[in-house]
Amino acid sequence: MANDKQKFDLETIRHSTAHLMAQAVQQLYPETQVTIGPVIEDGFYYDFCRKSPFVPEDLEKIEQRMKEIAAQNQDIVRKELPREDALKMFDEMGEPFKLEVINDLESDEAISVYSQGEFTDLCRGPHVDNTSAIKSFKLLHTSAAYWRGDERNQILQRIYGTAWNTDKELRIYLKRLEEAKKRDHRKLGKELDLFSVSDDIGPGLILWHPKGSRIRCLMEDFWKAEHFANGYEMVHSPHAAKVDMWKTSGHMDFYKDNIFSPMDIEGKEYVMKPMNCPFHIQIYKTRLRSYRDLPLRFAELGTVYRYERSGVLHGLLRVRGFTQDDAHLFCRPNQIEEEIVKVLDLILLILRSFGFNEYKVYLSTRPDKFVGSEEGWEKATNALKQALEKSELEYEVDPGEGVFYGPKIDIKIKDSLNRFWQVSTVQVDFNLPERFDISYIEEDGQRHQPIMLHRALMGSLERFFGCLVEHYAGAFPLWLAPVQVILLPITDQHQEYADEVAKKLTNNGFRVEKDLRNEKIGFKIREAQLQKIPYMIVLGEKEAEAKTLAVRKRRSKETRTINIDTFIEEMNTQVEEKQLGDTVQSI
């Protein structure tokens, strides 16, 4: 029996809980075959092969059986088997998926299995010593999944769960999940009239509504101003190009599965662009460049199209058409480090301005499938390392996660629900300049190949906006709010004063709405709060006579009286300083 005082790391606990769940499933539904059940962030899942899908009542039964098995104090025992013995055992158990996994293993790899009670599973481990060590867990939801993630394979039933060291940690996590449901950007997007997706248009293609578009414009205006201030030039490129260009870039070889099928136009094949980089290279090539021209910084809010499978599409966070806040920098070898440092500074400025102050930094190195020389990859990786060290940013190495043409720095932001989102990236590329044969004239009068940096600060406007909605729970800071002030005249007699106030606020650059409905003032206030408008201004007889405003913040029950010039001054300060005010509500 496990020692109650023994502590296991969360990955081991979650791995063991996945096995416990599979054991419970097979006890309750003996005809079910087990496939794979890995640990994921904050939990685990297991895929099962069965004819009918799991329903919520099934999860309740499975969870109860898991608790019963855990209480039986079953020892968890590891064994190593010869390959033939392992194949024979799982064949007799009627587990064909396990046979496929074993056959895919290296011939000299040890075949390890873990057993608890009557249940045995193929696994590398590690696991807890006894089922009694598995105490704090919860099954969350189900979904369909393809065997090994390939839509050509058999469809399976997946059960997700979470497990923790203590009941307190579990309760905190479940509370965070409930809060995340309330903040779901798809739910808030509908309630706040920000965006939608239409079946008539197609999945993964976003319609931005007026209020969502207003926020997007504010994001874009801020982005452009900072880029002009940092020496970037704006460019624009088409939405499609000949297939030949993507062959030259290598995307047709290394990224083909994510590119939409070619279109025939006058006998030539075109595809919707998945990237902006080859277009910026074509702009670079339009004339001869000198070392005096470098670095050149081309930036574009460029809309790209990528074929994402329907099963992974998710609101604004995973789409098929999105706008990258893209830029490509062309520089001399001795300018790489300085340019990367400047990019990192700009990334942090953008993220902090939108209220993201915590982040993780990763250095992603060469993947198994890559282009270019190992020497070029080493130079590029070292340049990124040196820039990170010069910027005094702590980072983790993410082996093999670079893109096919070069290593990269990735930055993940932490939101108010303690979740991390991949947004910003900086990539060094020695490959595309060579593939497209671009050059510049150096001081020695000879042609040299420039180094190309790819970078995005917000990643995509769609994903970043989705993160913003959930981060702020739809209650945007004043500078980003689509409607900053709503005027609430008490009766029709006060509409004239409301018009006067609206005109002055609008002339000072603020976004204002008026609620002129024949409703009680309490109802109007509640409606404005549901729309998460930062300021509500009640206008009655007293305010009209004194030319004052009765101002109430969206999360406050208090109303204060103030003159309009003072109110304008206060709002200007909040907007200019991009103050967060009452927006971020962390849990």
Considering only region 565-578, I want to know if a residue exists there that is touching a residue at least 60 places away in the same chain (Cβ under 8 Å), charged (D, E, K, R), over 17 Å from I486 (Cβ atoms) and assigned to a loop (DSSP other than H, G, I, E, B). yes
If you take just the strands (runs of 3 or more DSSP E) that sit entirely in region 499-564, which of them hold at least 1 residues that are touching an Asp or Glu at 6+ places or on another chain (Cβ under 7 Å) and closer than 22 Å to D193 by Cβ? 548-553
Of the conditions (1) outside any loop (DSSP other than H, G, I, E, B); (2) buried (at least 19 other Cβ atoms within 10 Å of the Cβ), the single one that M275 does not satisfy is (1)
Conditions (1) in a helix (DSSP H, G or I); (2) within 15 Å of H15 (Cβ to Cβ); (3) not charged (D, E, K, R); number of the one not met by S132: (2)
Do we find a residue being over 25 Å from the mean Cα position of the chain (by Cα), in the same structural domain as L453 (by TED's automatic domain parsing), over 19 Å from A456 (Cβ atoms) and buried (at least 19 other Cβ atoms within 10 Å of the Cβ) anywhere in region 224-243? no
With criteria (1) farther than 21 Å from E396 by Cα; (2) not in a loop (DSSP other than H, G, I, E, B), L316 comes up short on (2)
Residue ranges of helices (runs of 4 or more DSSP H) in region 365-481 with at least 1 members without any contact (Cβ under 8 Å) to a residue 60 or more places away in the chain: 374-390
Under the condition of being hydroxyl-bearing (S, T, Y) and within 20 Å of M452 (Cβ to Cβ), which residue from region 374-407 is surrounded by the fewest Cβ atoms within 10 Å (Cβ to Cβ)? T381
Looking at E462 and the list (1) buried (at least 21 other Cβ atoms within 10 Å of the Cβ); (2) not assigned by TED's automatic domain parsing to the domain that holds L363, which single condition is not satisfied? (2)
From (1) part of a strand (DSSP E or B); (2) more than 17 Å from T12 (Cβ to Cβ); (3) more than 35 Å from the chain's Cα centre (by Cα), pick out the condition that doesn't hold for S112. (2)
Suppose the filter is under 29 Å from T32 (Cβ atoms), basic (K, R), touching a residue at least 12 places away in the same chain (Cβ under 8 Å) and surrounded by 15 or more Cβ atoms within 10 Å (Cβ to Cβ); does K211 pass it? no
Out of the residues in region 433-451 that are of a type in the set (A, V, I, L, M) and at pLDDT 95 or above, which is nearest to A380 (Cα to Cα)? I438
Looking at L344, L316, L329, L351, which one is of a type outside the set (D, E, K, R), closer than 24 Å to L384 by Cβ, assigned by TED's automatic domain parsing to the domain that holds M219 and under 17 Å from the mean Cα position of the chain (by Cα)? L351
Can you tell me which residues in region 150-207 are more than 26 Å from D47 (Cβ to Cβ), of a type in the set (G, A, S) and surrounded by 12 or more Cβ atoms within 10 Å (Cβ to Cβ)? G189, S196
Need pairs with beta-carbon distance below 8 Å; first residue over 18 Å from S16 (Cβ atoms) and assigned by TED's automatic domain parsing to the domain that holds V128 and within region 158-173, second among the β-branched types (V, I, T) and part of a strand (DSSP E or B); sequence gap 6+ or separate chains. R158/T142
Please enumerate the residues belonging to region 16-31 that are assigned to a helix (DSSP H, G or I) and not β-branched (V, I, T). S16, A18, H19, L20, M21, A22, Q23, A24, Q26, Q27, L28
Quick test for you: out of E442, E470, E392, pick the one residue that is in contact with a helix residue (DSSP H, G or I) (Cβ under 6 Å, 6 or more places away or on another chain) and closer than 30 Å to Y291 by Cα. E442
Does region 103-125 include one or more residues that are touching a residue at least 60 places away in the same chain (Cβ under 8 Å), more than 26 Å from E63 (Cα to Cα) and either in contact with a Leu (Cβ under 6 Å, 6 or more places away or on another chain) or of a type outside the set (A, V, I, L, M) (or both)? no
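The values are calculated or read from the model by the stated rules, or taken from the named source; none is laboratory data. All values derive from a computational prediction rather than experimental measurement. Quick reminder, even Gly has a Cβ in these numbers, built from the backbone with ideal geometry, and neighbours come from all protein chains shown.
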